[in-house]
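Chemist: Before I ask anything, let me first share the structure, which is written out below as structure tokens.
The values are calculated or read from the model by the stated rules, or taken from the named source; none is laboratory data. All of these numbers come straight from a predicted model, not from anything done at the bench. Using ideal geometry, Cβ is built from the backbone for each residue, glycine included, and neighbour counts are taken over all protein chains shown. Just so you know, the surface numbers come from the protein's heavy atoms only, side chains and all, with ligands and any DNA or RNA stripped out. Shrake-Rupley method; radii C 1.70, N 1.55, O 1.52, S 1.80 Å.
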Amino acid sequence: MFAISLGDDGAELRPLEPSKAEEFLAHMDRGRAFIGEHIALPDFVADIDSARSFLGSYAEKAANDTGRIYGIWTDGTLVGGVLFRTFDATYCTAEAGCWLEPSAAGKGLITRACRVIIDWAIEERGIHRVEWHASAKNGPSIAVARRLGMTREGVLRENYPHRGVRADTEVWAVLAPEWRAAKTSSPS
């Protein structure tokens, strides 16, 4: 398995495979309330079978080239992840997403990890448009979209029923030419 360094702090990005189900469940248990504040992931990963099933669904997506999932490890501990919830190589579009347990928040891990996967999608796979969907109440996720150079395109009003409450979703996106222009204009 490969690991990609996310910087000088030792954080790494690695594929999150079904063989990591126990570690994934332990991570989800540590961050369940925090992660579940805006997304339903902890609701789908409640025990070892559902953890294995969730990771297995992404292994199948990877095999079919329709999605990917990666974990973020610090000091050997899984603390979060990034994914392509959707990945359409035919239409050259993808939707990126993330989650993080509280102990890892505020360290730039999600932004760094997303830069890696978005750059791969655009430069290696020819993806033209990467979207980011976030609850309008999820300030940290919206801040990541901004740091990634995405443009806010609109709000889907009350489209996402989360734990009995309908939430607005902001849609952000970056296009391949914008991504490349931002890379060439920013200092290394």
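Chemist: Counting only heavy atoms of protein chains, what accessible area per residue, in Å², does region 74-177 have with a probe of 1.4 Å?
Modeler: That works out to 48 Å² per residue.
Chemist: Let me check I've understood the local charge: for residue 76, count other residues with C-beta under 12 angstrom from its C-beta, Lys and Arg +1, Asp and Glu -1. What total comes out? The partial results should precede the final answer.
Modeler: Numbers: positive: 14; negative: 12, 23, 75.
For residues surrounding residue 76, the net value is -2.
Chemist: Over region 99-176, what relative contact order in percent results from Cα pairs under 8 Å that are six or more residues apart? Mind showing how you got there, number by number?
Modeler: Details: 95 pairs, mean separation 24.6, N = 78.
Relative contact order of region 99-176: 31 percent.
Chemist: Could you tell me what percent of the DSSP beta bridges with both partners in the chain are antiparallel, to the nearest 5?
Modeler: 90 percent
Chemist: OK, next. Which whole-number percent is the relative contact order of the chain (Cα, under 8 Å, 6+ apart)? Spell out each step's value before the answer.
Modeler: Details: 318 pairs, mean separation 29.8, N = 188.
Rounded, it is 16 percent for the chain.
Chemist: On to the next question. Tell me, what is the percent relative contact order of region 17-76, built from C-alpha pairs under 8 Å that lie six or more residues apart?
Modeler: 35 percent
Chemist: Would you please give the FRET efficiency between residue 75 and residue 156, computed as 1/(1 + (r/R0)^6) with r the Cβ-Cβ distance and R0 = 41 Å, to the nearest 0.05?
Modeler: Given R0 = 41 Å and the Cβ-Cβ separation, E is 0.60.
Chemist: If you average the C-alpha positions of region 27-69 and of region 137-188 separately, how far apart do those two centres end up, in angstrom?
Modeler: What the calculation gives is 21 Å, centre to centre.
Chemist: With P(r) over Cα pairs in 5 Å bins from 0, in percent defined as stated, name the option among (1) 1, 8, 16, 21, 22, 19, 10, 3, 1, 0; (2) 1, 6, 11, 14, 13, 11, 9, 8, 6, 5, 4, 3, 2, 2, 1, 1, 1, 0, 0; (3) 1, 7, 13, 16, 18, 16, 12, 8, 4, 3, 1, 0, 0, 0 computed from the structure displayed.
Modeler: (1)
Chemist: Sticking with this one: By the scheme Lys and Arg +1, Asp and Glu -1, what is the net charge of all other residues having a beta-carbon under 10 Å from that of residue 42?
Modeler: Overall, the nearby charge balance is -2.
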